[in-house]
Amino acid sequence: MVSWSVADIPDQNGRSAVVTGANGGLGLETARELARRGAHVLMAVRNLQKAEAAVTDIRATVPDASLELVALDLGSQASVREAAEGILLVHERIDLLVNNAGVMGIPERKTVDGFEMQFGVDHLGHWTLTALLLPVLLGSPEARIVTVTSTAHHMGRAVDPKNPHLDGRYRPWRAYGQAKLANFHFGLGLQRRLDQAGASAASLIAHPGLSNTDLQTVSVQETGGGASQRFFQMLARRTGMPAAQGALSQLRAATDPGARGGEFYGPLFVNNGPPVRKPIFRGIGLNRAIAKLWEVSERETGVAPL
Ligand SMILES: NC(=O)c1ccc[n+]([C@@H]2O[C@H](COP(=O)([O-])OP(=O)(O)OC[C@H]3O[C@@H](n4cnc5c(N)ncnc54)[C@H](OP(=O)(O)O)[C@@H]3O)[C@@H](O)[C@H]2O)c1
(Lines give C-alpha, C1' and ligand atoms only; values in the text may rest on other atoms or scores of the structure.)
Protein backbone atom coordinates (compact mmCIF):
# COMPACT_ATOMS: atom_id res chain seq x y z
CA MET A 1 0.00 0.00 0.00
CA VAL A 2 1.62 3.27 -1.12
CA SER A 3 -0.81 5.71 0.48
CA TRP A 4 -0.29 4.62 4.10
CA SER A 5 -1.25 7.25 6.69
CA VAL A 6 -1.94 7.50 10.42
CA ALA A 7 -5.53 6.45 9.65
CA ASP A 8 -4.07 2.99 8.90
CA ILE A 9 -2.62 2.53 12.39
CA PRO A 10 -4.61 -0.27 13.98
CA ASP A 11 -6.11 -0.03 17.45
CA GLN A 12 -3.30 0.07 20.03
CA ASN A 13 -5.45 -0.28 23.15
CA GLY A 14 -3.81 -2.58 25.67
CA ARG A 15 -0.37 -2.07 24.15
CA SER A 16 2.55 -0.28 25.78
CA ALA A 17 5.19 1.50 23.72
CA VAL A 18 8.55 2.98 24.70
CA VAL A 19 9.66 5.83 22.42
CA THR A 20 13.11 7.35 22.93
CA GLY A 21 13.53 11.06 22.21
CA ALA A 22 9.77 11.53 22.49
CA ASN A 23 10.05 15.13 23.67
CA GLY A 24 10.51 16.59 20.18
CA GLY A 25 10.62 16.03 16.43
CA LEU A 26 9.87 12.57 15.10
CA GLY A 27 9.70 10.97 18.54
CA LEU A 28 7.01 13.38 19.69
CA GLU A 29 4.89 12.69 16.60
CA THR A 30 5.41 8.95 16.99
CA ALA A 31 4.28 9.16 20.62
CA ARG A 32 1.27 11.28 19.67
CA GLU A 33 -0.03 8.89 17.01
CA LEU A 34 0.51 5.77 19.11
CA ALA A 35 -1.34 7.45 22.00
CA ARG A 36 -4.13 8.58 19.69
CA ARG A 37 -4.74 4.94 18.77
CA GLY A 38 -4.88 3.95 22.43
CA ALA A 39 -1.35 2.83 23.31
CA HIS A 40 0.13 3.61 26.70
CA VAL A 41 3.28 5.53 25.70
CA LEU A 42 6.42 5.68 27.81
CA MET A 43 8.23 8.79 26.64
CA ALA A 44 11.90 8.05 27.34
CA VAL A 45 13.58 11.44 27.38
CA ARG A 46 16.64 13.34 28.50
CA ASN A 47 15.27 16.88 28.79
CA LEU A 48 12.32 16.55 31.16
CA GLN A 49 11.29 20.21 30.89
CA LYS A 50 10.96 19.83 27.13
CA ALA A 51 9.07 16.59 27.80
CA GLU A 52 6.49 18.37 29.97
CA ALA A 53 5.84 20.73 27.05
CA ALA A 54 5.59 17.71 24.73
CA VAL A 55 3.00 16.09 27.02
CA THR A 56 0.96 19.32 26.98
CA ASP A 57 1.27 19.43 23.20
CA ILE A 58 0.11 15.81 22.80
CA ARG A 59 -2.78 16.27 25.26
CA ALA A 60 -3.93 19.34 23.29
CA THR A 61 -4.62 17.02 20.35
CA VAL A 62 -5.22 13.73 22.18
CA PRO A 63 -6.86 14.70 25.49
CA ASP A 64 -7.07 11.14 26.84
CA ALA A 65 -3.50 10.21 25.87
CA SER A 66 -1.99 7.70 28.29
CA LEU A 67 1.56 8.97 28.78
CA GLU A 68 4.39 8.26 31.18
CA LEU A 69 7.74 10.02 31.37
CA VAL A 70 10.93 8.02 31.81
CA ALA A 71 14.22 9.84 32.37
CA LEU A 72 16.80 8.55 29.89
CA ASP A 73 20.16 9.91 28.86
CA LEU A 74 21.43 7.62 26.11
CA GLY A 75 24.87 9.15 26.59
CA SER A 76 25.17 7.45 29.97
CA GLN A 77 25.02 3.68 30.29
CA ALA A 78 24.11 4.14 33.97
CA SER A 79 21.12 6.27 32.99
CA VAL A 80 20.06 3.68 30.40
CA ARG A 81 20.24 0.95 33.04
CA GLU A 82 18.28 3.05 35.52
CA ALA A 83 15.60 3.80 32.92
CA ALA A 84 15.29 0.13 31.97
CA GLU A 85 15.16 -0.98 35.60
CA GLY A 86 12.44 1.61 36.31
CA ILE A 87 10.39 0.32 33.37
CA LEU A 88 10.85 -3.32 34.39
CA LEU A 89 9.70 -2.55 37.93
CA VAL A 90 6.34 -1.24 36.73
CA HIS A 91 5.67 -3.02 33.46
CA GLU A 92 5.37 -6.74 32.94
CA ARG A 93 4.82 -6.27 29.28
CA ILE A 94 6.14 -3.88 26.64
CA ASP A 95 4.86 -4.33 23.10
CA LEU A 96 6.88 -1.79 21.20
CA LEU A 97 10.26 -0.11 21.50
CA VAL A 98 11.07 2.72 19.09
CA ASN A 99 14.80 3.48 19.15
CA ASN A 100 14.40 6.98 17.77
CA ALA A 101 16.58 9.50 19.64
CA GLY A 102 19.74 10.75 18.05
CA VAL A 103 22.29 13.46 17.43
CA MET A 104 23.84 14.31 14.08
CA GLY A 105 26.97 15.89 12.65
CA ILE A 106 28.30 17.34 15.92
CA PRO A 107 31.93 18.08 16.84
CA GLU A 108 33.94 15.38 18.58
CA ARG A 109 32.53 14.69 22.02
CA LYS A 110 32.56 11.75 24.40
CA THR A 111 29.72 10.28 26.42
CA VAL A 112 30.27 9.91 30.18
CA ASP A 113 31.44 6.36 29.42
CA GLY A 114 34.06 7.66 26.98
CA PHE A 115 32.23 6.57 23.83
CA GLU A 116 32.21 8.74 20.73
CA MET A 117 28.97 10.69 21.19
CA GLN A 118 27.07 9.86 17.99
CA PHE A 119 27.90 6.14 18.14
CA GLY A 120 27.37 6.22 21.92
CA VAL A 121 23.94 7.89 21.86
CA ASP A 122 22.47 6.79 18.54
CA HIS A 123 23.64 3.18 18.81
CA LEU A 124 25.23 2.04 22.09
CA GLY A 125 22.57 3.65 24.28
CA HIS A 126 19.83 1.96 22.27
CA TRP A 127 21.77 -1.30 22.23
CA THR A 128 21.77 -1.47 26.02
CA LEU A 129 18.19 -0.27 26.35
CA THR A 130 17.04 -2.96 23.92
CA ALA A 131 19.08 -5.66 25.65
CA LEU A 132 17.65 -4.80 29.05
CA LEU A 133 14.04 -4.45 27.87
CA LEU A 134 14.13 -7.61 25.77
CA PRO A 135 12.79 -9.89 28.51
CA VAL A 136 9.56 -7.86 28.74
CA LEU A 137 9.38 -7.42 24.98
CA LEU A 138 9.62 -11.19 24.56
CA GLY A 139 6.71 -11.49 26.98
CA SER A 140 4.44 -9.76 24.51
CA PRO A 141 2.88 -11.93 21.78
CA GLU A 142 3.69 -9.55 18.94
CA ALA A 143 6.43 -7.22 20.14
CA ARG A 144 8.34 -5.00 17.76
CA ILE A 145 11.59 -3.12 18.03
CA VAL A 146 11.93 -0.34 15.49
CA THR A 147 15.32 1.30 15.08
CA VAL A 148 15.57 4.61 13.28
CA THR A 149 18.40 4.98 10.79
CA SER A 150 18.98 7.51 8.00
CA THR A 151 19.90 7.64 4.33
CA ALA A 152 23.26 8.72 5.82
CA HIS A 153 23.86 5.03 6.57
CA HIS A 154 24.90 4.77 2.90
CA MET A 155 27.91 7.01 3.58
CA GLY A 156 28.83 5.17 6.76
CA ARG A 157 31.54 2.57 7.23
CA ALA A 158 30.98 -0.47 9.36
CA VAL A 159 32.36 -0.10 12.85
CA ASP A 160 36.01 -1.07 13.23
CA PRO A 161 36.54 -3.07 16.43
CA LYS A 162 40.07 -1.62 16.64
CA ASN A 163 38.79 1.98 16.68
CA PRO A 164 35.02 2.19 17.20
CA HIS A 165 35.22 5.70 18.64
CA LEU A 166 37.18 7.08 15.67
CA ASP A 167 40.08 8.27 17.81
CA GLY A 168 42.37 10.38 15.65
CA ARG A 169 40.02 9.94 12.69
CA TYR A 170 37.01 11.91 13.85
CA ARG A 171 34.86 13.81 11.36
CA PRO A 172 31.29 14.83 12.26
CA TRP A 173 29.73 13.18 9.20
CA ARG A 174 31.98 10.14 9.32
CA ALA A 175 30.75 9.55 12.86
CA TYR A 176 27.12 10.11 11.93
CA GLY A 177 27.43 7.70 8.98
CA GLN A 178 28.99 5.07 11.24
CA ALA A 179 26.28 5.56 13.87
CA LYS A 180 23.37 5.34 11.43
CA LEU A 181 24.93 2.32 9.68
CA ALA A 182 25.20 0.77 13.14
CA ASN A 183 21.45 1.40 13.60
CA PHE A 184 20.85 -0.34 10.27
CA HIS A 185 23.05 -3.32 11.10
CA PHE A 186 21.60 -3.52 14.59
CA GLY A 187 18.03 -3.77 13.28
CA LEU A 188 18.98 -6.54 10.85
CA GLY A 189 21.25 -8.38 13.28
CA LEU A 190 18.63 -8.32 15.99
CA GLN A 191 16.06 -9.90 13.68
CA ARG A 192 18.51 -12.72 12.93
CA ARG A 193 19.00 -13.35 16.63
CA LEU A 194 15.26 -13.30 17.24
CA ASP A 195 14.78 -15.80 14.42
CA GLN A 196 17.49 -18.06 15.81
CA ALA A 197 15.86 -17.92 19.25
CA GLY A 198 12.46 -18.76 17.73
CA ALA A 199 11.05 -15.54 19.23
CA SER A 200 7.85 -14.00 17.92
CA ALA A 201 9.20 -10.47 18.42
CA ALA A 202 10.25 -8.59 15.31
CA SER A 203 13.01 -6.05 14.65
CA LEU A 204 12.46 -3.52 11.87
CA ILE A 205 14.33 -0.48 10.59
CA ALA A 206 12.96 2.85 9.41
CA HIS A 207 14.33 6.11 8.06
CA PRO A 208 12.42 9.39 7.91
CA GLY A 209 13.90 10.87 4.74
CA LEU A 210 14.54 14.57 5.28
CA SER A 211 12.36 16.01 8.02
CA ASN A 212 12.38 19.50 9.38
CA THR A 213 13.11 18.96 13.08
CA ASP A 214 15.59 20.17 15.69
CA LEU A 215 18.16 17.64 14.45
CA GLN A 216 19.71 20.07 11.98
CA THR A 217 19.43 23.05 14.34
CA VAL A 218 21.23 21.19 17.13
CA SER A 219 24.05 20.24 14.77
CA VAL A 220 24.40 23.89 13.65
CA GLN A 221 24.46 25.07 17.29
CA GLU A 222 26.90 22.40 18.42
CA THR A 223 29.35 23.17 15.60
CA GLY A 224 29.00 26.93 16.11
CA GLY A 225 27.52 27.29 12.62
CA GLY A 226 29.37 24.62 10.60
CA ALA A 227 28.95 25.11 6.85
CA SER A 228 27.67 21.62 5.96
CA GLN A 229 25.43 21.61 9.03
CA ARG A 230 23.93 24.95 7.94
CA PHE A 231 23.42 23.54 4.46
CA PHE A 232 21.37 20.63 5.80
CA GLN A 233 19.41 22.97 8.06
CA MET A 234 18.53 25.15 5.08
CA LEU A 235 17.64 22.07 3.00
CA ALA A 236 15.43 20.66 5.75
CA ARG A 237 13.66 23.98 6.27
CA ARG A 238 13.00 24.44 2.56
CA THR A 239 12.39 20.89 1.39
CA GLY A 240 12.04 18.72 4.49
CA MET A 241 8.79 17.09 5.51
CA PRO A 242 7.05 18.27 8.66
CA ALA A 243 7.86 16.00 11.62
CA ALA A 244 4.36 14.49 11.54
CA GLN A 245 4.97 13.27 8.00
CA GLY A 246 8.55 12.25 8.62
CA ALA A 247 7.42 10.04 11.51
CA LEU A 248 5.19 7.93 9.24
CA SER A 249 7.92 5.47 8.23
CA GLN A 250 8.71 4.51 11.81
CA LEU A 251 5.01 4.44 12.65
CA ARG A 252 4.35 2.09 9.76
CA ALA A 253 7.24 -0.17 10.78
CA ALA A 254 5.86 -0.11 14.32
CA THR A 255 2.20 -0.82 13.60
CA ASP A 256 1.41 -2.07 10.09
CA PRO A 257 0.08 -5.62 10.58
CA GLY A 258 1.60 -6.54 7.21
CA ALA A 259 5.13 -5.47 8.18
CA ARG A 260 7.57 -8.25 9.06
CA GLY A 261 10.79 -8.53 11.03
CA GLY A 262 13.90 -7.56 9.09
CA GLU A 263 12.02 -5.10 6.86
CA PHE A 264 13.03 -1.53 6.19
CA TYR A 265 10.57 1.39 5.81
CA GLY A 266 11.21 4.85 4.41
CA PRO A 267 9.61 7.53 2.24
CA LEU A 268 8.76 6.54 -1.34
CA PHE A 269 10.99 9.21 -2.95
CA VAL A 270 14.16 8.76 -0.88
CA ASN A 271 13.73 11.93 1.19
CA ASN A 272 9.99 12.47 1.08
CA GLY A 273 6.73 10.86 0.21
CA PRO A 274 4.49 8.28 1.85
CA PRO A 275 6.12 5.50 3.88
CA VAL A 276 6.81 2.33 1.93
CA ARG A 277 8.86 -0.81 2.32
CA LYS A 278 12.36 -0.19 0.99
CA PRO A 279 14.79 -2.72 -0.49
CA ILE A 280 17.74 -3.82 1.60
CA PHE A 281 20.95 -4.17 -0.36
CA ARG A 282 22.59 -7.19 1.18
CA GLY A 283 26.07 -6.54 -0.12
CA ILE A 284 29.16 -8.60 0.48
CA GLY A 285 30.37 -7.98 3.99
CA LEU A 286 26.97 -7.54 5.63
CA ASN A 287 27.33 -10.62 7.84
CA ARG A 288 30.82 -9.58 8.86
CA ALA A 289 29.70 -6.00 9.60
CA ILE A 290 26.89 -7.25 11.83
CA ALA A 291 29.27 -9.61 13.62
CA LYS A 292 31.72 -6.77 14.22
CA LEU A 293 28.95 -4.54 15.57
CA TRP A 294 27.91 -7.27 18.01
CA GLU A 295 31.51 -7.77 19.10
CA VAL A 296 32.13 -4.04 19.71
CA SER A 297 28.78 -3.30 21.33
CA GLU A 298 28.96 -6.24 23.74
CA ARG A 299 32.55 -5.40 24.63
CA GLU A 300 31.75 -1.72 25.27
CA THR A 301 28.51 -2.19 27.22
CA GLY A 302 28.86 -5.62 28.80
CA VAL A 303 25.37 -6.64 27.66
CA ALA A 304 23.85 -8.07 24.49
CA PRO A 305 20.30 -8.48 23.21
CA LEU A 306 20.33 -12.30 22.71
N1 LIG B 1 15.16 14.89 10.73
C2 LIG B 1 15.71 14.23 9.73
O3 LIG B 1 15.74 14.70 8.57
C4 LIG B 1 16.30 12.89 9.95
C5 LIG B 1 16.84 12.21 8.85
C6 LIG B 1 17.37 10.94 9.04
C7 LIG B 1 17.34 10.35 10.27
N8 LIG B 1 16.83 11.01 11.34
C9 LIG B 1 16.84 10.36 12.65
O10 LIG B 1 15.60 10.54 13.29
C11 LIG B 1 15.78 10.44 14.70
C12 LIG B 1 14.99 11.53 15.41
O13 LIG B 1 15.55 12.78 15.05
P14 LIG B 1 14.66 14.11 14.87
O15 LIG B 1 14.78 14.48 13.45
O16 LIG B 1 13.34 13.96 15.49
O17 LIG B 1 15.58 15.15 15.67
P18 LIG B 1 15.28 16.00 16.99
O19 LIG B 1 14.05 16.79 16.82
O20 LIG B 1 16.56 16.74 17.25
O21 LIG B 1 15.06 14.90 18.08
C22 LIG B 1 16.15 14.16 18.59
C23 LIG B 1 15.73 13.57 19.90
O24 LIG B 1 16.83 12.82 20.41
C25 LIG B 1 16.98 13.17 21.77
N26 LIG B 1 18.32 12.97 22.26
C27 LIG B 1 19.49 13.50 21.82
N28 LIG B 1 20.50 13.12 22.61
C29 LIG B 1 19.97 12.33 23.58
C30 LIG B 1 20.49 11.64 24.69
N31 LIG B 1 21.80 11.70 25.01
N32 LIG B 1 19.66 10.91 25.46
C33 LIG B 1 18.34 10.85 25.17
N34 LIG B 1 17.78 11.50 24.15
C35 LIG B 1 18.59 12.23 23.36
C36 LIG B 1 16.60 14.64 21.84
O37 LIG B 1 16.34 14.98 23.17
P38 LIG B 1 16.86 16.31 23.91
O39 LIG B 1 15.72 17.22 23.87
O40 LIG B 1 17.21 15.89 25.28
O41 LIG B 1 18.04 16.80 23.14
C42 LIG B 1 15.37 14.63 20.94
O43 LIG B 1 14.26 14.19 21.64
C44 LIG B 1 17.29 10.47 14.93
O45 LIG B 1 17.74 9.17 15.19
C46 LIG B 1 17.85 10.94 13.61
O47 LIG B 1 19.15 10.46 13.36
C48 LIG B 1 16.29 12.27 11.20
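The values are calculated or read from the model by the stated rules, or taken from the named source; none is laboratory data. Remember, predicted model here, so these are calculated numbers, not experimental data. Every residue, glycine as well, gets a Cβ built from its backbone with ideal geometry; the counts of neighbours run over all protein chains shown. SASA here: full protein model, heavy atoms, side chains in, ligands and nucleic acids out. Shrake-Rupley method; radii C 1.70, N 1.55, O 1.52, S 1.80 Å.
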Of all residues making up the stretch 153-190, the number that are in contact with a Leu (Cβ under 8 Å, 6 or more places away or on another chain) and either open to solvent by less than 20 Å² (accessible area, probe 1.4 Å) or polar (S, T, N, Q) (or both): 12
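Against the condition part of a helix (DSSP H, G or I), open to solvent by 40 Å² or more (accessible area, probe 1.4 Å), touching a Leu at 6+ places or on another chain (Cβ under 8 Å) and farther than 20 Å from residue 302 by Cα, how does residue 193 come out, does it pass?
no
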Scope the stretch 80-102; condition among the charged types (D, E, K, R) and open to solvent by 20 Å² or more (accessible area, probe 1.4 Å); matching residues: 81, 82, 85, 92, 93
Answer residue from the stretch 245-263, given it is touching a residue at least 60 places away in the same chain (Cβ under 8 Å), within 16 Å of the ligand (Cβ to nearest atom) and open to solvent by 10 Å² or more (accessible area, probe 1.4 Å) and is nearest to residue 202 (Cα to Cα) among those: 252
Hits in the stretch 114-147 (condition: open to solvent by 10 Å² or more (accessible area, probe 1.4 Å) and within 16 Å of the ligand (Cβ to nearest atom)): 114, 115, 117, 121, 132
Residue in the stretch 123-138 that is under 23 Å from residue 228 (Cβ atoms) and under 18 Å from the mean Cα position of the chain (by Cα) present: yes
Count of the stretch 259-275 residues which are assigned to a loop (DSSP other than H, G, I, E, B) and closer than 18 Å to residue 188 by Cα: 5
Only one of 28, 67, 34 that is near the ligand (Cβ under 9 Å from one of its atoms) and modelled with pLDDT of 95 or more: 28
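I'd like to verify a number: residues in the stretch 158-190 that are among the aromatic types (Phe, Trp, Tyr), in contact with a helix residue (DSSP H, G or I) (Cβ under 8 Å, 6 or more places away or on another chain) and outside any helix (DSSP H, G or I), how many?
0
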Residue list for the stretch 131-154, filter: within 26 Å of residue 210 (Cα to Cα), in contact (Cβ under 8 Å) with a residue 60 or more places away in the chain and part of a helix (DSSP H, G or I): 151
Of residues in the stretch 207-228 being aliphatic (A, V, I, L, M), touching a residue at least 40 places away in the same chain (Cβ under 8 Å) and assigned to a helix (DSSP H, G or I), the one farthest from the ligand (Cβ to nearest atom): 218
